[in-house]
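Each remark here refers to the structure printed beneath this line.
The values are calculated or read from the model by the stated rules, or taken from the named source; none is laboratory data. Just so it is clear, the model here is predicted, and its values are computed rather than measured. Glycine gets a Cβ as well: all are built from the backbone with ideal geometry, and neighbour counts include every protein chain shown. The area values use the complete protein model at the heavy-atom level, side chains included, leaving out ligands, DNA and RNA. Shrake-Rupley method; radii C 1.70, N 1.55, O 1.52, S 1.80 Å.
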Amino acid sequence: MAGKFEIFQDQGGKYRFRLKAGNGQVIATSQGYSTKKACNNGIESVRKNAPVAPVDDATANPA
C-alpha cells in the first residue's frame with residue numbers, strides 16, 4: 001500500500017494533516033490550519049515541493 005495523507009481536527013478545532021507511510025506509521029504532521037481548504041492547500045504544497053526539497057543536515061557540523 002502507498003502512503004497517504006490523513007486530514008483530522010485537533011482538540012482546538014484546527015485542521016491538520018498527517019502523512020502516513022504504507023505501513024501506517026506517521027512520518028509527518030502539519031501545523032494547524034483554520035479551514036479545511038487551507039489544510040488541503042498545505043497538502044498540495046507538500047506534494048509539489050517535496051520531490052525537489054534539499055536535505056539540510058543540521059548534524060553535519062555540530063557546535
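For segment 13-33, give me each residue that is farther than 20 Å from GLU44 by Cβ and open to solvent by 70 Å² or more (accessible area, probe 1.4 Å).
The answer is ASN23, GLN25.
Criterion applied to ALA58, ALA38 was being loosely packed, with under 12 Cβ neighbours inside 10 Å, free of Cβ contacts under 8 Å to residues at least 60 places away in the same chain and among the aliphatic types (A, V, I, L, M), and the one residue passing it is ALA58.
Identify, from the list ILE27, ILE7, ILE43, the residue that is in contact (Cβ under 8 Å) with a residue 24 or more places away in the chain and in contact with a Leu (Cβ under 7 Å, 6 or more places away or on another chain).
Residue meeting the stated conditions: ILE27.
Candidates are the residues of segment 24-63 that are outside any helix (DSSP H, G or I) and among the hydroxyl-bearing types (Ser, Thr, Tyr); the one that is farthest from the chain's Cα centre (by Cα) is THR59. Across segment 2-12, which residue is modelled with the lowest pLDDT among those that are part of a loop (DSSP other than H, G, I, E, B) and open to solvent by less than 60 Å² (accessible area, probe 1.4 Å)? This residue is GLY3.
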